[in-house]
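Notes for the one structure printed next.
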Amino acid sequence: MITFRPLCGAANSSQTTPLCYLLQIDDVKILLDCGSPDWSPEDQTNPDTFPWEDYCQTLRELSSTVDLVLLSHGDLAHCGLYAYAYSRWNLKAPAYTSLPVQAMGRIATMEDIEGIRDQEDLDDDGQEPQQDGDTSLLDSDVVDSPIQTTHRDKLKGKYVATVDEVQEAFDSVNTLRYSQPTRLQGKCQGLTITPFNAGHTIGGTIWKIRSPSSGTILYAVDVNHMRERHLDGAVIISKSSGGTGLPLSIVNNATAMRRSLVSELINHYHSKLLSFLSTDTVTSTLTSSTRSSVLIPCDASTRVLELLVLLDQHWKFSRLSYPICLLSRTGSEMLTFVRAMMEWLGGTVSKEDVGEDGGNKPSRRRREDDNDDDALGAFALRFKYLEFFPNPQALVQRYSSTDPKLILAVPASLSHGPSRSLFTSFAAVPNNVILLTSRSEEGTLGRVLFDKWNDRQRAQEKWDKGRIGSNVMMDGNIDLSMRSKVPLQGAELEAYMQKERAAKEKEAAHQAQLARSQRMLEADEDESDSDSDSDADEDEVRQTLEGDGMDMDGDFEGIGKKRKADKALENADWGDGDEGLTKQLLSFDIYLKGNVSKANSFFKSAGGQSHRFRMFPYVEKKRRVDDYGETVDVAMWLRKGKVFEEEAETDETKDYRKRKQAEEEAKAIQEPPSKFVVSSVEVQMACRLLFVDMEGLNDGRAVKAIVPQVNPRKMIIVHSSTAAADELIQSCANIRSMTKDIFAPGQGENVQIGQQTNNFSISISDELLASLKMSTFEDNEVSFVTGRVVAHASSTIPVLEPIADSPAPSVPTGITRTTLPNVPGTRPQVELPRSTMIGELKLTALKTRLASVGVPAELIGEGVLICGPAAGKMAISDAVEHSVAVRKTGSGKVELEGSASPVYYMVRKEIYNLHALVA
């Protein structure tokens, strides 16, 4: 039984992103992707409700029950919420993905949370320490300015992880290579997962999930079969099958296929035309007499690589000298990771940068300049014109607003971060160009700008018509809410400093009290073991007398007085000289000053009241004892070890350590006291706006061509609009051989595939197992078996044994064998063996296999393959006589026509080899 439930990113839903689905195979729950929405929507009308609340609450309830997590891409839409769910919602199930997805997902999440936390005050319920300079202690009513402080954005409905949580979560992810089958253990025992190349992003994965009871499931979202500049196409098209088939391990017995349908109604743009359009717009803007600039909002880790490679190639070809500025905190780290994973790249990057034949070889001078590193990444993806900036302020300090430049700013949705901060000033400059490369999520500023651009296009040039529009001149005003973190000034700063001083004084007094208590405990623990018994007796007597209110200044002081005389000064507590007290020994066995009861009895009075005496407070000090007599103070040994290490260090080592510590302290600039504010800004639109689709996804025509080749028995459509899903369903309905079991569930709707079956365990006897003839099929070995189930008393599992030969028929008495009737020309009846061929013949695969054994073949029509010698090597009549035709007449039916010849038997042998024969 297979149950599929879209938690978010369904087909018939207005919210197609993020992607998160729950797949249940029998009793195993698999979470497919765990994306995060945009936490700063533009059309937030109700501040108390959030569009992603249902998705997040459902994921929170299911996280502890998930048994397996599979991540397909390293962007926020696929893995942005995984770190928070792992740390806060107990999503501790084993997670698998490819190495680039793990690295890029970590970088994308880090960039997102740092950008949000830099602009909003997020309350982590005590799970994150307060940063230096934060003004959470400052009352909001102190602020008196046109800027309004935020109140609703206290993480109510915003689930943003911390930096440490992101590092911990992604460190726990298991990485796999492409085409690496992995058999799971534990509750998931029996399942086998295999990742395949999906294109679109570096390390993007198509997951094949094989279950022994439910078949094979193919999870394919956000797939691109086209080859790009930095990536190869997806494995949907098999190179071994001539470019028109699918890998056998992916296609056969596919139970369900989930296809990303973002732009199904759109015709395919040619990649060269898109590249020309984008680079031509950039070049004409930078080289114009107005000295204008170009702003391209982009993501932090995945699709930005395609833009960087495209722009770098165009800069080299056109010999431009304008700077390419990347506004990202993690941009440099991202490129460092990518250079270390060159084996995951493809396209033109591997040929151009590595220097293969047929590509643009790097010059010898470039190799000599990069001889500091012998690795492949030393001369690959070295963008000469690229500069990194952590924030817009650093960009302004380097380049003025009048200098022409190309700016890549994160995030692509312009909802927060550097791209939004830069947009307010960039959009007001005439002739500047904002180039959008994706439609962004619903409700964000990026989608608002895309809608404005699309509405200004002519009816025939709109995006949903499959056309490439032109840039438009923006006009009018747009109101934006800008969140920022500003330093405190004036009365706010004074109030904050006063509270800080009070808090520090209170903390210092508390630390002094703790230190005094620690000294008392350490002094007590230094007593010898020989005194422990008498000390215990004395303490017990002392506690008993104190409980009854007795004066302990009497004869009891003499007990052990001589034994403790040497340690009286060591264990004494001295007065504080700052209070004007002289150093004198204080005794704890005295009364406190004050009135006491005049009653002379220590027992209860007739009225039922007990007489209490005011005494000095006493705290019992208990010794921690383990199995060997006393516990070891680990902290003390660590301190002593550190002292020994420092004493053993040489002068050079001490100097290096001091310099290193000084450098780290110099880098760690303390953040000034600040507050989080929200201001309303009116932006006057005067720039030009252009949209070029650079998302790198399959279009509608490609999807309609690829899905019939996969030909699954059942198909589920996700991550799509309602119109696009209906269009694909209608297209598949027109194909006779295509399945009619196509589902497009909405968010939270369950889809059940298959029926509930009962599984039984059975053991095969050694005798029967030795007689089986196994055939290899994909990753399994199969065979046909006939036997008899026998239950033994010594085992609870029934055993399948071979059927015993039937005894010879008995001869009636008085009749000899020679008297039985014998009909001439007859043979005894023999039961023919039953055989089954498993597999599906692909004519393209047969053509490739025949070419490897020297038999040429050619496809002359739909479903017909002509095999035989070429006409040039022999007469035409002989070639026709020895040719063989292979025809597929229906599902699973293959006809082989031709005369009996070596070619005929060779073709038949290769057809058998492409199947698994079970007899």
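Every number here is computed from the coordinates shown, using simple stated rules; none is lab data. If you're wondering where the values come from, they're calculated on a predicted model, not measured in any experiment. Cβ placement follows ideal geometry from the backbone for every residue including glycine, while neighbour counts extend to all protein chains displayed.
What nm value, rounded to one decimal, do you get for the distance between Ala662 and Val429 when each label is placed 7 Å out toward the C-beta? For Ala662 paired with Val429, the spin-label model returns 4.2 nm.
Projecting label points 7 angstrom from Cα along Cα→Cβ for Ala791 and Glu343 puts them 5.4 nm apart. With the cut-off at under 16 Å, measuring from each backbone N in region 415-457 to a point 7 Å along the Cα-to-Cβ line of Met473 picks out 428-434, 456-457. Computed extension gain for Tyr385 through Gln752, at 0.36 nm per residue and net of the alpha carbon distance, reaches 126.8 nm.
Once you sort the root eigenvalues of the Cα gyration tensor of region 1-118 as a ≥ b ≥ c, which label holds: rounded (a/c under 1.5), prolate (a/b larger than b/c) or oblate (the other case)? In terms of gyration-tensor shape, oblate.
In this simple spin-label model, placing a label point 7 Å from the Cα along the Cα-to-Cβ direction at both Leu914 and Thr290 gives a separation of 6.0 nm.
Electrostatic tally near Pro195: other residues with Cβ closer than 12 Å to its Cβ, Lys and Arg +1, Asp and Glu -1, net +2.
The packing ranking, built from the mean of other Cβ atoms within 10 Å per residue, places the peptides 711-722, 482-493, 194-205 in the order 194-205, 711-722, 482-493, highest first. All other residues whose Cβ lies under 14 angstrom from that of Tyr399 are scored, Lys and Arg at +1 and Asp and Glu at -1, for a net of +1.
Among residues other than Thr739 with Cβ under 12 Å from its Cβ, the summed charge is +3 (Lys and Arg +1, Asp and Glu -1). Extension gain, Leu896-Lys506: 0.36 nm per intervening residue step, less the Cα-Cα distance, totals 131.1 nm. What FRET efficiency, computed as 1/(1 + (r/R0)^6) with R0 = 30 Å and r the Cβ-Cβ distance, is obtained for Met906 and Leu859, rounded to the nearest 0.05? Taking R0 as 30 Å, the efficiency between Met906 and Leu859 is 0.95.
Of the peptides 500-510, 441-451, 381-391, 71-81, the ranking by mean beta-carbon count within 10 Å, highest at the top, reads 71-81, 441-451, 381-391, 500-510. When each of the peptides 700-709, 649-658 is scored by how many other beta carbons lie within 10 Å of its residues on average, the order from highest to lowest is 700-709, 649-658. For region 634-776, the equivalent ellipsoid derived from the alpha-carbon gyration tensor has semi-axes of 61, 42, 18 Å in decreasing order.
The loop-placed trypsin sites (Lys or Arg not before Pro) in region 1-91, going by DSSP, include none that has at most 13 neighbouring Cβ atoms within 10 Å of its Cβ.
Exceeding 28 Å between C-alpha atoms, which entries from my cross-link table qualify? They are Lys158/Lys675; Lys642/Lys675; Lys158/Lys465; Lys452/Lys675; Lys740/Lys847. Over 28 Å Cα-Cα: Lys642/Lys675; Lys158/Lys465; Lys452/Lys675; Lys740/Lys847.
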